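Q: Before anything else, here's the structure in question.
The values are calculated or read from the model by the stated rules, or taken from the named source; none is laboratory data. These numbers were taken from a predicted model, which means no experiment stands behind them. Note that we place each Cβ from the backbone using ideal geometry, even for glycine, and neighbour counts take in every protein chain shown.
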Amino acid sequence: MVPRGKLALVADDLFASKGELFFVNKQIIMSKEQIQQLGHNHELLFREKATSSAVEKVMEEISKLEHINPPRNKRETRRFRESVSEATTREPLTIYVGSCPDYAHKDGLYTHESLGGGVPLLTNYHLSYDQELINVLETHKVPYRLVIMIADVEAIDDIFAERFTGGDKEEFLARCYSSVDRTREVIQQRNGEFGINGRIISSSFFREFGEDRFMTCQHAYQEVLLERYRNDDSFRQRVKGDIVQRMEMYKKMYVGVIDRMDIQEQEEFLVGRTLRTMAQYLTLGRLISEKSKYPVIINHPTRNIGVYNERNKILLPGDAPQPHPTIPVFEMKFSVY
């Protein structure tokens with residue numbers, strides 16, 4: 001433990017804290033006055049790392065959130081606890097939230113009848129209900145960022161592009177980025193209201209990770225998943241179960257399309273569509289874990305929610321044998337589909 005009245009200095013990033021901090025297995029203890037004598041040649045951030053009691057309070061309080069469920073398994077829960085304990089202002093907890101584009105909706109459910117450029121339904125829900133988790137982190141002074149990402153990747157769906165923007169992918173993307181801008185305006189008002197100083201960010205999949213990088217990774221996962229579908233009976237049954245569960249949603253998304261297909265065409269289309277969604281979740285899990293040291297995801301209810309962390313089971317060619325890091329995933333308690 002650090003003696004009372006002393007601060008622990010991490011020589012790597014020059015962080016100071018009342019908690020224990022380490023640099024290559026060495027702890028440097030000095031008084032605040034001694035640290036100040038170092039001068040202003042280094043950036044000193046006096047971020048107090050969460051104490052063990054604060055971490056326990058966070059873990060207790062996230063189990064009581066009204067609209068969000070905490071991570072579902074022990075591995076994710078353990079990783080969230082570690083992240084809360086270790087996060088600093090330099091390496092904050094980074095919460096990623098994916099949102100559909102601004103599709104039409106009615107009575108709190110997507111109808112997919114049109115595509116607008118305003119704040120999407122799912123984004124509005126996140127802006128309201130994710131505040132529950134933010135309040136916990138704010139109360140216990142856990143550094144964080146919340147990144148809300150519009151799924152501009154849906155512009156690559158030729159049927160969507162044809163239906164919503166006359167086949168114009170660029171117009172589809174333009175509406176997505178209009179949604180990003182409208183969301184940013186709401187966030188700016190919210191930042192002022194809650195005093196959270198710009199820690200909520202409006203973005204998109206492609207803007208966060210790059211379109212080329214995202215699509216290359218997604219296509220690679222799609223190929224691996226298709227191969228598994230052809231050769232793994234248990235996985236094939238899982239995919240077919242996903243299709244059954246999503247059929248009503250698919251009929252809304254692809255109105256007048258699926259009904260015109262024969263049985264073989266339907267199966268090929270629906271399998272491809274379902275594998276594509278799985279590939280997107282794997283891609284997001286991979287790119288998020290590459291970008292952030294302490295990532296967290298908040299997701300709407302879906303059968304794919306566990307896929308973020310299946311990167312150790314579904315490997316790309318050339319993947320190293322070491323395990324991919326686990327991402328804690330929170331789940332909203334209600335659906336918009």
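Q: Quick check on my filter: what residues within region 118-145 are buried (at least 17 other Cβ atoms within 10 Å of the Cβ) and within 19 Å of Phe160 (Cβ to Cβ)?
A: Pro120, Leu121, Leu122, Thr123
Q: Taking Tyr294 as the residue in question, decide whether it is over 18 Å from the mean Cα position of the chain (by Cα), surrounded by 15 or more Cβ atoms within 10 Å (Cβ to Cβ) and within 28 Å of Asp212 (Cα to Cα).
A: Working: over 18 Å from the mean Cα position of the chain (by Cα): no; surrounded by 15 or more Cβ atoms within 10 Å (Cβ to Cβ): yes; within 28 Å of Asp212 (Cα to Cα): yes.
The answer is no for Tyr294.
Q: Give just the number: which of (1) more than 13 Å from the chain's Cα centre (by Cα); (2) surrounded by 16 or more Cβ atoms within 10 Å (Cβ to Cβ); (3) assigned to a loop (DSSP other than H, G, I, E, B) does Ile327 not satisfy?
A: (1)
Q: Still on this structure, I have one more. Scan region 225-232 and give yes if some residue there is closer than 28 Å to Pro143 by Cβ and either out of contact with any His (no Cβ under 9 Å at 6 or more places or on another chain) or not in a loop (DSSP other than H, G, I, E, B) (or both), otherwise no.
A: Of all residues in region 225-232, those closer than 28 Å to Pro143 by Cβ come to none.
The answer is no, given that none of the residues of region 225-232 is closer than 28 Å to Pro143 by Cβ and either out of contact with any His (no Cβ under 9 Å at 6 or more places or on another chain) or not in a loop (DSSP other than H, G, I, E, B) (or both).
Q: Taking Val119 as the residue in question, decide whether it is under 30 Å from Lys57 (Cα atoms), over 17 Å from the mean Cα position of the chain (by Cα) and at pLDDT 95 or above.
A: Working: under 30 Å from Lys57 (Cα atoms): no; over 17 Å from the mean Cα position of the chain (by Cα): yes; at pLDDT 95 or above: yes.
So Val119 does not fit the description; no.
Q: Let me ask you something else. Which condition from (1) at pLDDT 75 or above; (2) within 20 Å of Ile327 (Cβ to Cβ); (3) surrounded by 15 or more Cβ atoms within 10 Å (Cβ to Cβ) is the one that Cys100 breaks?
A: Cys100 satisfies every listed condition except (2).
Q: Of all residues in region 105-142, which are among the aliphatic types (A, V, I, L, M) and more than 12 Å from Val336 (Cβ to Cβ)? Before the answer, list the steps.
A: Let us first name the residues in region 105-142 that are among the aliphatic types (A, V, I, L, M), namely 109, 115, 119, 121-122, 127, 133-134, 136-137, 142.
Of everything in region 105-142, those that are among the aliphatic types (A, V, I, L, M) and more than 12 Å from Val336 (Cβ to Cβ) turn out to be Leu115, Val119, Leu127, Leu133, Ile134, Val136, Leu137, Val142.
Q: For region 187-220, enumerate the residues that are more than 15 Å from the chain's Cα centre (by Cα), modelled with pLDDT under 95 and hydrophobic (A, V, I, L, M, F, W, C).
A: Ile187, Phe194, Ile196
Q: Of the conditions (1) free of Cβ contacts under 8 Å to residues at least 60 places away in the same chain; (2) in contact with a helix residue (DSSP H, G or I) (Cβ under 8 Å, 6 or more places away or on another chain); (3) in a helix (DSSP H, G or I); (4) not charged (D, E, K, R), Ser203 clears all except one; give me its number.
A: (3)
Q: Of Ile314, Ile298, which residue is at pLDDT 95 or above, assigned to a loop (DSSP other than H, G, I, E, B) and assigned by TED's automatic domain parsing to the domain that holds Ile68? Can you show your working first?
A: Working: Ile298 fails: assigned to a loop (DSSP other than H, G, I, E, B).
Within the list Ile314, Ile298, the selection yields Ile314.
Q: Let me ask something else. Which one of the conditions (1) farther than 19 Å from Val180 by Cα; (2) aliphatic (A, V, I, L, M); (3) over 17 Å from the mean Cα position of the chain (by Cα) does Ile134 fail to meet, given that it meets all the rest?
A: (3)
Q: Being over 22 Å from Arg81 (Cβ atoms) and assigned to a loop (DSSP other than H, G, I, E, B) is the filter here; which residues of region 301-311 pass it?
A: Pro301, Thr302, Arg303, Asn304
Q: Sticking with this structure for a sec: Could you look through region 241-273, keep only residues that are of a type in the set (D, E, K, R) and touching a residue at least 24 places away in the same chain (Cβ under 8 Å), and pick out the one that is farthest from Tyr110 (Cα to Cα)?
A: Asp242
Q: If a residue must be among the acidic types (Asp, Glu) and within 27 Å of Ile150 (Cβ to Cβ), how many such residues does region 67-100 contain?
A: Going residue by residue through region 67-100, those that are among the acidic types (Asp, Glu) are 76, 82, 86, 91.
Still in the list and also within 27 Å of Ile150 (Cβ to Cβ): 76, 91.
Residues meeting the conditions: 2.
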